Amino acid sequence: MGAGSKLTIAVVVAAAIGVAGYLGYQRTAEPAPHAGPPTARIITQGQYANTIAYIFGEDIQTPPQFPPVSRVEGLLALGAAEASLTPGVVERFYRYGKQVADQVMAPPRRAYVVPCGPADPGAADAACARQFITTVGRLLYRRALTDSEADTYVRLAGESADSLGDFHEGLRFVLSGMLASPSFVLITDRLADDPGAPGAARLDAYSRASRLSFFLWNSAPDERLLRAAESGVLDSREGVETEVARMISSPRLRHALRGFFADMLHFDEFENLAKDNLIYPAYGPGVSGDAAEQMLRMITRHLVEEQGDYRDLFTTTHTYMSQSLGAVYQLPVNPENAFVPYEFPDHSGRAGLLSHVGFLSLHSHPGRSSPTRRGEGVRESLLCQPVPLPPPNVDFSNFEDPAGEFKTARERLVRHSSDAACANCHRITDPIGLGLENFDGAGQYRARENGALIDASGDLDGIPFDGALSLGEAVKKNPATTACLVERLFAYGVSRPMDKEDRPVLDYFERRFADTGYRIPALMRRIALSEAFFAVGQPVAAEAATASLH
Amino acid sequence: MARSFGRRQFLKGMMAGSAVTVGLPFLEVFLNAQGTALASGAPIPTRFGTWFWGLGMNERIFVPRQTGANYDLPEEIAALAPVRDQVNIFTNFNATTDGRPNLCHYTGWVVLRCGAVPLDRTDLPGQSVDVTIADAIGRGTPFRCLDVNATGDARDTYSFRGRNGYNVPETSPASLYRQIFGPRFQDPNSDVFVADPRIIAEKSVLSGIIDESAKLNASLGYEDRIRLDQYFTGLRDMENQLAHFLEKPEPLPACVKPPEIVEEYPKGVDYSLVAKRHELMTDLLVMAVACNQTRVFNMTYANSFANTVKPGYDKGHHTITHEEIEDPVLGYQVMSSWFNRRAMESWASFVKKFADFPEGDGSLLDNMVIYAHSDQNYAKIHSISGIPMFTAGKAGGRLKTGIHIDGGQTPGTRLPFTLQRVMGIELDAWGVGANRATSDIGEILV
């Protein structure tokens, strides 16, 4: 498509959607964006699952756990842009692709996934194969297949079909191969000439579609968004506004929030979370999965359905309950329903995210609570405040308790404050965690530990609290809470860690976040429509990468 | 900024790696002195494995009093009695931080795996020895390397190709079984061999897709181009693997496809669960080696922060190493030692299963070497000087066994240096700075 026709379409679309949205967009208020380098990130488990579900159906099984990547500035999504692609990693994606292709091409599903019937199911059918391959390939690769790709894949499908005497086997192998291709597994920013700035480059339209889609849906672009990219709609601000409005009003926005909060709150660690069954018999094998799901449901209901203030996540009493969670919360739950809405009563001592079994048990030991881990969880995940690592040569003799005289965690941990090497870090974490000590390592309520009444008082950066309810209020009032959310969400959207050059635009987003009463969908819209969201610089050349050595 | 800081280390690792060269051609290297051969006449290859356990030892009940052969077995390693003569133990070897921070439960194993000290916890300044060896000898089998763990946690591996480049372990016996002995497995002792037309088709399609992908010219930066190249290397590996399944394998009388494992074990690191996973996966590794499916493998028994638990005891192993007081009479941490003993039981059983499996004139273990080590000496204080290490196996007649070697505070990297040379990697020295090894541990060489 030529530049002229793109422009024509852009003008027509702009006229069609009206100018109200454009006038409402306060472009002048956004500081000049900082452009990071283009990235190539490994598709995450959530993005993979959502994409496959969109293309082939919700019931296709995808692997629950992908090869681990490092957490970079609090987010696995940023680690996915740096992780090496060792043979072991590539082998996993090859394996996953086969598993998906086997399911897609098994009868009866293939009858409705393949949009045509072969003339002879025991032989090649180039026309039908091409229809399937180009349709599905475009959705998987997030761009139209090149002519060479389409021709090759159709030929390969035909050769396999003829040699095996089975049309669908040919498609199965090609689909499996496409799912292992770097064009699917690596989400790669591609650059195109920027018509508005001769000599400069910008993200091409397909890459912009992907950036929007993975941010707002945690999934690859749908058919309509790809068309918008191809027709030039995404070249205009109005076109982007239309698509962003559509995407934010879609139920798929929940997938984005689930993906983002699961990353920010370290939900990957639920994969291996188990509790000591002798100490916590109520915390059976199904609990950790339900505990994660309970939080994700609570978060998406509050932020999307109720359009709630982000800060109220730390104080709201609305949540969900399942049968297996009921055992830990010590509640009767209707066994007919997997999850039912639930309201924490006043006497429960619970409200907000921090008092959920998921948060409490994730940041604990298998057989006991850990105020240090819980405090670290709040500081690092929710306030973006890294906690230093412990020194290697800690002298633990201060904390030894041969006579068993320490009844509570507070008594044990207060010893840390007597040792300067420990106190510097433990005073960052422990006071927060001690506020949650009315919940044991499984997240069950308790008033006493070893017979001693628990003192759950403390202060968070100057705001006093006594127990989980007022700790939630203190987190809500902490300015770092919203600043952290903005920083993490924007970094997640552009898939790169933040620099100091990003500070002005982060401050801008934070002010706008406050203006909307801390509504996250509004913040996501603001980010998606910002210049900063699509801003991208040139790739880092070998010389520059080497120069940074010195 | 953390990002550029870490990438610097990645490049350094690449440069360090480029110094490694591969030695003699495979067939010459792996004919042992006696020329022991399989029934088919093919020489028996020498295999390499690693075994890792976290949290070290209680020195006074772990380190044998006697050096040399017929060493004594203090109580923490008493479980090694049935395999002592197959096992060397290496104590009082040094790992140093070389002026960098001692990153708890990290620096020690990184040094013993790649010879260099990491700057921070994201830093892996080189590639692990198993990777170097697998690249040299692993291409002759369907699996260049098999990486497995007994913890069930996909993050637990000590095999890596540089920063952000961990290999991916199999974490469940059922999944490991499917990988090795699934539908693509070719029984080497079957009378008939027919190349599976489905594998032919699969390989042909994969090759075509790789070729098409390689035509794309993405606007990538330097490091991302390296990553894309890695991706193609990985896909070519898959292609090679499929090619192996299309060749008639050499007959291997000892190879018997094991009974299928379908049971998925619950998650968690209850010690008995860890031991069970370890046992099942060891059985599969033994048969994977006997069936020539791989020549290199890694087993992680427990990670370096091992929080292995004993039901009813409220602290996990790692917490115990820090909080448990030394028994005033016995002079060591009793509960911590309890966990170390469980690790040594699994290590002994690992060795024994390879030792009990016949091959040629001897055992599978005779034709391999397993390198085992921990991350700390005394975990309570995170000491990395004197991290305990073992080897098991005679490496096709190149190594002596049953010896206790006191390293006299020389670099611990001498052991992986020696083992790489035994495996045919041509090296004059290995490691960086104070951890640079320039001399073999001659006491174990034949």
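The values are calculated or read from the model by the stated rules, or taken from the named source; none is laboratory data. Just so it is clear, the structure is predicted and the values come from calculations on it, not from any experiment. A quick note on method: Cβ atoms are made from the backbone with ideal geometry, for glycine too, and the neighbour counts reach across all protein chains shown.
Of all the listed residues (B:TYR271, B:TYR231), the sole one being more than 11 Å from chain A (Cβ to nearest Cβ), at negative phi, under 24 Å from the mean Cα position of the chain (by Cα) and at pLDDT 90 or above is B:TYR271. Please go through the stretch B:107-126 and give me each residue that is surrounded by fewer than 24 Cβ atoms within 10 Å (Cβ to Cβ), within 12 Å of another protein chain (Cβ to nearest Cβ) and not acidic (Asp, Glu), ordered by number. The answer is B:ARG121, B:THR122.
Would the stretch A:165-184 turn up any residue that is within 26 Å of the chain's Cα centre (by Cα), modelled with pLDDT of 95 or more and under 30 Å from A:VAL486 (Cα atoms)?
The first filter runs over the stretch A:165-184 and keeps only residues within 26 Å of the chain's Cα centre (by Cα), leaving A:176, A:178-184.
Checking the rest, the ones that are also modelled with pLDDT of 95 or more come to A:176, A:178-184.
Those left that are additionally under 30 Å from A:VAL486 (Cα atoms): A:184.
Checking the stretch A:165-184: at least one residue is within 26 Å of the chain's Cα centre (by Cα), modelled with pLDDT of 95 or more and under 30 Å from A:VAL486 (Cα atoms).
Helices (runs of 4 or more DSSP H) fully within the stretch A:202-263 that include at least 2 residues being under 18 Å from the mean Cα position of the chain (by Cα): A:205-217, A:237-248. The residue that is farthest from the chain's Cα centre (by Cα), counting only those in the stretch A:527-540 that are buried (at least 21 other Cβ atoms within 10 Å of the Cβ) and in a helix (DSSP H, G or I), is A:ALA532. Filtering the stretch A:80-99 to residues that are part of a helix (DSSP H, G or I) and at the interface with another protein chain (Cβ under 7 Å from one of its Cβ atoms) leaves A:PRO87, A:GLY88, A:VAL89, A:VAL90, A:GLU91, A:ARG92, A:TYR94. The residues of the stretch A:268-289 that are without any contact (Cβ under 8 Å) to a residue 40 or more places away in the chain and either among the small types (Gly, Ala, Ser) or assigned to a helix (DSSP H, G or I) (or both), listed by number, are A:ASN272, A:GLY286, A:GLY289.
Please determine, by comparing only the residues of the stretch A:456-507 that are polar (S, T, N, Q) and in contact (Cβ under 8 Å) with a residue 60 or more places away in the chain, which one is nearest to A:PRO37 (Cα to Cα).
Residues of the stretch A:456-507 polar (S, T, N, Q): A:457, A:470, A:478, A:481-482, A:495.
From what's left, in contact (Cβ under 8 Å) with a residue 60 or more places away in the chain: A:478, A:481-482, A:495.
On the way: A:ASN478: 33, A:THR481: 28, A:THR482: 26, A:SER495: 10 Å.
Going through the qualifying residues, I end up with A:SER495.
All but one of (1) more than 27 Å from A:ASP235 (Cα to Cα); (2) in contact (Cβ under 8 Å) with a residue 40 or more places away in the chain; (3) not assigned by TED's automatic domain parsing to the domain that holds A:HIS266 hold for A:VAL536; which doesn't? Only one criterion in (1) more than 27 Å from A:ASP235 (Cα to Cα); (2) in contact (Cβ under 8 Å) with a residue 40 or more places away in the chain; (3) not assigned by TED's automatic domain parsing to the domain that holds A:HIS266 is unmet by A:VAL536, namely (1). Taking the criterion of being touching a residue at least 12 places away in the same chain (Cβ under 8 Å), part of a loop (DSSP other than H, G, I, E, B) and within 11 Å of chain A (Cβ to nearest Cβ), the residues of the stretch B:282-314 that qualify are B:ASN303, B:ASN307, B:THR308, B:LYS310, B:PRO311, B:TYR313. Within the stretch A:130-150, which residues are part of a helix (DSSP H, G or I), among the β-branched types (Val, Ile, Thr) and either in contact with a Leu (Cβ under 7 Å, 6 or more places away or on another chain) or within 14 Å of another protein chain (Cβ to nearest Cβ) (or both)? Passing the criteria: A:ILE133, A:THR134, A:VAL136.
So if I check each of A:SER348, A:SER364, A:SER370, which one is away from chain B (no Cβ under 14 Å) and either of a type outside the set (A, V, I, L, M) or surrounded by 19 or more Cβ atoms within 10 Å (Cβ to Cβ) (or both)?
Details: A:SER364 fails: away from chain B (no Cβ under 14 Å); A:SER370 fails: away from chain B (no Cβ under 14 Å).
Selected residue: A:SER348, the only one of A:SER348, A:SER364, A:SER370 that is away from chain B (no Cβ under 14 Å) and either of a type outside the set (A, V, I, L, M) or surrounded by 19 or more Cβ atoms within 10 Å (Cβ to Cβ) (or both).
When the stretch A:55-79 is filtered for residues that are among the polar types (S, T, N, Q) and either more than 11 Å from every other protein chain (Cβ to nearest Cβ) or touching a residue at least 40 places away in the same chain (Cβ under 8 Å) (or both), the ones remaining, listed by number, are A:GLN61, A:THR62, A:GLN65. Residue check: B:THR308 meets all listed conditions (1) buried (at least 24 other Cβ atoms within 10 Å of the Cβ); (2) within 30 Å of B:LEU242 (Cα to Cα); (3) of a type in the set (S, T, N, Q) but one, namely (2). Listed by first and then second residue, the pairs with beta-carbon distance under 7 Å, at least 6 apart or on different chains, first residue in the stretch B:160-184 and more than 10 Å from chain A (Cβ to nearest Cβ), second part of a loop (DSSP other than H, G, I, E, B) and buried (at least 24 other Cβ atoms within 10 Å of the Cβ), are B:ILE180/B:GLN293. Of the residues making up the stretch B:185-216, just one is facing chain A (nearest Cβ under 10 Å) and assigned to a loop (DSSP other than H, G, I, E, B), namely B:LEU216. What about A:ARG155, is it in a helix (DSSP H, G or I), closer than 26 Å to B:ILE199 by Cβ, of a type in the set (Lys, Arg) and facing another protein chain (nearest Cβ under 10 Å)? Here the answer is yes, as A:ARG155 does meet what is asked.
Can you confirm whether the stretch A:507-521 contains a residue that is within 14 Å of chain B (Cβ to nearest Cβ) and crowded, with 20+ Cβ neighbours inside 10 Å?
Taking the stretch A:507-521 and keeping what is within 14 Å of chain B (Cβ to nearest Cβ), we get none.
Within the stretch A:507-521, not a single residue is within 14 Å of chain B (Cβ to nearest Cβ) and crowded, with 20+ Cβ neighbours inside 10 Å.
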